[in-house]
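Below you'll find the structure I mean.
The values are calculated or read from the model by the stated rules, or taken from the named source; none is laboratory data. None of these values were measured; they are calculated from a predicted model. All Cβ positions, glycine included, derive from the backbone under ideal geometry; neighbour counts span all protein chains shown.
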Amino acid sequence: MSTINMQQLKKSYQDTEVIHGINIDIEEGEFIVLVGPSGCGKSTLLRMVAGLESITSGEVKIDDKVVNDLEPKDRGISMVFQNYALYPHMTVYDNMAYGLKLMKMPKDEIDKRVQDVAKLLQIQDYLQRRPSKLSGGQRQRVAMGRAIVRDPKVFLFDEPLSNLDAKLRVQMRMQIKTLQQKLAVTTIYVTHDQVEAMTMADRLVVLNNGIAAQIGTPMEIYDDPKDQFVAGFIGSPAMNFLDCEVCDESIKIGQQSIATPTHVTQRGKIVLGIRPEHFNQSVSDLQGTVQMIEKLGSNVLLYLKMENSEQPVVIQCDGQLDAKIGAVYPFSFNTEKLYFFDTNTQQRIY
Ligand SMILES: Nc1ncnc2c1ncn2[C@@H]1O[C@H](COP(=O)(O)OP(=O)(O)OP(=O)(O)O)[C@@H](O)[C@H]1O
Ligand SMILES: [Mg+2]
């Protein structure tokens, strides 16, 4: 097991800086997920740890040793890519054995490792097949197997599940998580899928435009987001944001208002945040017109339009709810669960 430290890591391509000074300390055996929208710098950061991208400034340490100038093969890492990057002309066995052969490992040791890992991943029956004769999920497991046989100190994953269908993705994310716990290898996992991130991570790093917007356990980030970006990115469906004006007596939202709860001490024109799961249906001091209904089985999502408010409000309701488009629907907030953000800086107002 290894620790990884990133200190003031920066990356520029020509004159454009894309990673702006990132600090992350990863403990032994931790499962860290880098999550963020497309283009925020997840792959770049991962590839800097792997040694596949040069580091413009700052340091990457593995086990307290600076690895900035070490070749990828000397860093003790194994990486799994989105497209698996399997060798098409080699059998599954040879795909898994290839890296070990390059390391000049004795043949019987290679055989033992490949067989053991194949059993672990339940691909022992496909060892003589070529990758083209495997399903997506099987290929994915071969790519994992190739990473595991090398017995690395660190696993790096870059969106390894995005080529799979939804059901297989759920299965594979459980398998990867279980396997990682069993092998206890320090892991950095990149995804843009916040559900994958929440379910797999010991801790999340939410990246926004080359900056680590927040680092914490999934529940810390869900419960206590530092800014509007993190609040909107983590949680599905996303948090609602409404422009409002908080006065002593009432919070005005468009032409409607609610009494200002005593625990809300913020004042002025700010952004109110409320998650779809944090509405009350028993009390009704606000109302909106039903614009769209999404029936998900166990629950129903209502998209409501409030007068004078551009953004629709998304409310998660009981699956049995029978709503009609165009109807006026009363609702209220669970005021314990309100968040407030600065209109200009998007920072959380506590
Ligand atoms: N070789 C390159 N030259 C110039 N700019 C690059 C290069 N590689 C990446 N970038 C830029 O760096 C930024 C981060 O890219 P990166 O691939 O790390 O994003 P990402 O978070 O992995 O996105 P995605 O989810 O789409 O894979 C992007 O703005 C991208 O355009
Ligand atoms: Mg990427």
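Condition (residue is within 16 Å of ligand 2 (Cβ to nearest atom), buried (at least 22 other Cβ atoms within 10 Å of the Cβ) and not in a strand (DSSP E or B)) applied to the stretch 197-207: is it met by at least one residue?
Yes, that holds for at least one residue.
Under 7 Å between Cβ atoms, which residue pairs at least 6 apart in sequence (or on different chains) link something in the stretch 59-88 that is among the hydroxyl-bearing types (Ser, Thr, Tyr) with a partner that is not in a loop (DSSP other than H, G, I, E, B)?
Ser78/Ala147; Ser78/Phe155; Tyr84/Arg139; Tyr84/Gln140; Tyr84/Ala143; Tyr87/Asn95; Tyr87/Tyr98
Check Val246, Val185, Val190, Val230 and return the single one that is surrounded by 18 or more Cβ atoms within 10 Å (Cβ to Cβ), within 16 Å of ligand 2 (Cβ to nearest atom) and of a type in the set (Val, Ile, Thr). Spell out the reasoning first.
Working: Val246 fails: within 16 Å of ligand 2 (Cβ to nearest atom); Val185 fails: within 16 Å of ligand 2 (Cβ to nearest atom); Val230 fails: within 16 Å of ligand 2 (Cβ to nearest atom).
After applying the criteria, what remains is Val190.
Further question: Which ones in the stretch 137-188 are assigned to a helix (DSSP H, G or I), closer than 23 Å to Glu27 by Cβ and of a type in the set (D, E, K, R)?
Arg173, Lys177, Lys182
Right, here's the next one. For the stretch 22-55, which positions are within 12 Å of ligand 1 (Cβ to nearest atom) and farther than 25 Å from Phe233 by Cβ?
Leu52, Ser54 - these are the residues of the stretch 22-55 that are within 12 Å of ligand 1 (Cβ to nearest atom) and farther than 25 Å from Phe233 by Cβ.
Then there's this: Can you tell me which residues in the stretch 254-282 are more than 33 Å from the chain's Cα centre (by Cα), in contact (Cβ under 8 Å) with a residue 60 or more places away in the chain and in a loop (DSSP other than H, G, I, E, B)?
Pro261
Still on this structure, please answer the following. Scan the stretch 149-198 residue by residue and report those that are β-branched (Val, Ile, Thr) and either within 12 Å of the chain's Cα centre (by Cα) or within 23 Å of Gly51 (Cβ to Cβ) (or both).
As a first pass, look at the stretch 149-198 and keep what is β-branched (Val, Ile, Thr): 149, 154, 170, 176, 178, 185-188, 190-191, 195.
Selection gives Val149, Val154, Ile176, Val185, Thr186, Thr187, Ile188, Val190, Thr191, Val195.
Another question, if that's okay. So which residues in the stretch 2-45 are of a type in the set (S, T, N, Q) and more than 16 Å from ligand 2 (Cβ to nearest atom), if there are any at all?
Of the residues in the stretch 2-45, the ones of a type in the set (S, T, N, Q) are 2-3, 5, 7-8, 12, 14, 16, 23, 38, 43-44.
Ser2, Thr3, Asn5, Gln7, Gln8, Ser12, Gln14, Thr16, Asn23 - these are the residues of the stretch 2-45 that are of a type in the set (S, T, N, Q) and more than 16 Å from ligand 2 (Cβ to nearest atom).
Quickly run through the stretch 217-253 and pick out the residues that are part of a strand (DSSP E or B) and among the small types (Gly, Ala, Ser).
Taking the stretch 217-253 as the starting set, the residues that turn out to be part of a strand (DSSP E or B) are 227, 240-246, 250-253.
Correct list: Ser250 only.
Name every residue in the stretch 117-140 that is closer than 16 Å to Gln180 by Cα and either out of contact with any helix residue (DSSP H, G or I) (no Cβ under 8 Å at 6 or more places or on another chain) or without any contact (Cβ under 8 Å) to a residue 12 or more places away in the chain (or both), in order of residue number. I'd like the intermediate steps shown before the answer.
At the first step, the residues of the stretch 117-140 found to be closer than 16 Å to Gln180 by Cα are 117-122, 140.
Hit for the stretch 117-140 is Lys119, nothing else.
Given the options Asp116, Asp63, name the one that is assigned by TED's automatic domain parsing to the domain that holds Thr178 and at pLDDT 95 or above. Can you show your working first?
Numbers: Asp116 fails: at pLDDT 95 or above.
Just a single option satisfies the conditions, and that option is Asp63.
Can you tell me which residue among Ala184, Ala197 is within 16 Å of ligand 1 (Cβ to nearest atom), of a type in the set (A, V, I, L, M), assigned by TED's automatic domain parsing to the domain that holds Leu86 and modelled with pLDDT of 90 or more? Talk me through it step by step, then tell me what you get.
Values: Ala184 fails: within 16 Å of ligand 1 (Cβ to nearest atom).
None of the others qualify; the one that does is Ala197.
Something else about it: Applying the selection to the stretch 283-300, what residues are in contact (Cβ under 8 Å) with a residue 24 or more places away in the chain and of a type in the set (Gly, Ala, Ser)? Outline the logic, then answer.
Restricting attention to the stretch 283-300, the residues satisfying the condition of being in contact (Cβ under 8 Å) with a residue 24 or more places away in the chain are 283-293, 295.
Hits for the stretch 283-300 are Ser284, Gly288.
Among the residues of the stretch 270-299, write down those that are surrounded by fewer than 12 Cβ atoms within 10 Å (Cβ to Cβ) and within 26 Å of Val230 (Cα to Cα).
Leu296
Mind listing whichever residues of the stretch 74-93 are more than 16 Å from ligand 1 (Cβ to nearest atom) and closer than 13 Å to Arg47 by Cα? Before you say what the answer is, go through the steps one by one.
Step one: filter the stretch 74-93 for residues more than 16 Å from ligand 1 (Cβ to nearest atom), giving 74-78, 86-93.
Those that are more than 16 Å from ligand 1 (Cβ to nearest atom) and closer than 13 Å to Arg47 by Cα: Arg75, Ile77, Ser78.
So, one more: So, Met239, is that one in contact (Cβ under 8 Å) with a residue 60 or more places away in the chain and over 27 Å from Glu17 (Cβ atoms) or not?
Details: in contact (Cβ under 8 Å) with a residue 60 or more places away in the chain: yes; over 27 Å from Glu17 (Cβ atoms): yes.
When the stated conditions are applied, Met239 passes them.
Considering the stretch 217-227 alone, what residues qualify as being in contact with a strand residue (DSSP E or B) (Cβ under 8 Å, 6 or more places away or on another chain) and either buried (at least 21 other Cβ atoms within 10 Å of the Cβ) or more than 16 Å from Gln346 (Cβ to Cβ) (or both)? Lay out the reasoning, then the answer.
Applying the first criterion (in contact with a strand residue (DSSP E or B) (Cβ under 8 Å, 6 or more places away or on another chain)) to the stretch 217-227 yields 217-218, 221, 224-227.
Listed by number, the residues that qualify are Thr217, Pro218, Ile221, Pro225.
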